Amino acid sequence: MRPADVAEALRVQEELRSRVDLVGPGPTAPATVAGLDVAYAESGDRLAAAVTVLDAATLAVVDEAVSVGRPAFGYVPGLFAFRELPALLDALDRLAVRPDLLVCDGHGLAHPRRFGLACHLGLVTGLPSLGVGKTPLVGEWVEPGPRRGDWSPLRDGGAVVGRVLRTRDGVKPVFVSVGHRMSLDNATHRVLALTPRYRLPETTRTADRLCRRALAAAPA
């Protein structure tokens, strides 16, 4: 779980990515959906990992948990999962409600080695997962149409690794990719269901607030 160095982390990614289910199709009517996010102290030596579980129909928070600690790995682009995964798993273990779907603030397949945080978390937990990024990590795309629900493929090296999805009319799109046990079509539908009012999913918004509050309240 905690690789000794970058070389070992890369080997772990290479080994695990072949086990990821990128077909799904995943739950089309989940009862609960979890949002996961991590906030860092300005010094970079502390973090707070938060999980909020929402009722998929009402989007009300039904459970939440947080874990405050130190990053488990160095700051290396493309290896953020190793930095955040232990704290996120600790927060997930503290939940009373086991969610039907994980929605990560980050990427899944849309990753330089096709194994982003959403893939890693989904594989380790066995839960269906997807990633929603505010900005792209890899790939090229054309701007999707201006209306909510419009999307265009996110391509990298000739392969489709996600979708550039408009969640609000005339607002910047988000970047959706499959994590584990999900299809891209289903992931797109789930993200739209989680964005009735704002650009970002309610899962991300609630988890972001929780981890920031926890970090601010934690002793230095």
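The values are calculated or read from the model by the stated rules, or taken from the named source; none is laboratory data. Every value quoted in this text rests on a predicted model; they were computed, and no experiment measured them. Heads up, the Cβs are rebuilt from the backbone with ideal geometry, glycines too, and the neighbour counts pull from every protein chain shown. Calculation scope for accessible area: heavy atoms of the full protein, side chains included, ligands and nucleic acids excluded. Shrake-Rupley method; radii C 1.70, N 1.55, O 1.52, S 1.80 Å.
General observations
- Hits in segment 102-116 (condition: touching a residue at least 40 places away in the same chain (Cβ under 8 Å) and under 11 Å from Leu36 (Cβ atoms)): Leu102, Val103, Cys104, Asp105
- For segment 77-103, taking the residues that are at pLDDT 95 or above and closer than 22 Å to Val160 by Cβ, the one that is surrounded by the fewest Cβ atoms within 10 Å (Cβ to Cβ) is identified as Leu101.
- Qualifying positions in segment 130-150 - of a type in the set (A, V, I, L, M), modelled with pLDDT of 95 or more and open to solvent by 70 Å² or more (accessible area, probe 1.4 Å): Val142
- Some residue of segment 80-87 being assigned to a loop (DSSP other than H, G, I, E, B) and without any contact (Cβ under 8 Å) to a residue 60 or more places away in the chain: no
- Residues in segment 1-28 that are polar (S, T, N, Q) and in contact (Cβ under 8 Å) with a residue 12 or more places away in the chain were compared, and the one that is nearest to Val176 (Cα to Cα) is Thr28.
- Hits in segment 1-52 - residues which are assigned to a helix (DSSP H, G or I) and exposed (fewer than 11 other Cβ atoms within 10 Å of the Cβ): Ala7, Glu15
- When the test is whether a residue is closer than 25 Å to Pro25 by Cα, crowded, with 17+ Cβ neighbours inside 10 Å, at pLDDT 95 or above and hydroxyl-bearing (Ser, Thr, Tyr), Thr188 passes it.
- Put simply, of Thr58, Thr28 the only residue that is hydroxyl-bearing (Ser, Thr, Tyr), farther than 20 Å from Arg94 by Cα and at pLDDT 95 or above is Thr58.
- Residue count for segment 151-173 satisfying the condition of being at pLDDT below 95 and basic (Lys, Arg): 0.
- Within segment 134-184, strands (runs of 3 or more DSSP E) holding 3 or more residues that are among the polar types (S, T, N, Q) and within 15 Å of Leu109 (Cα to Cα): none
- Tally, over segment 15-25, of residues that are modelled with pLDDT of 90 or more and in contact with a Lys or Arg (Cβ under 7 Å, 6 or more places away or on another chain): 1
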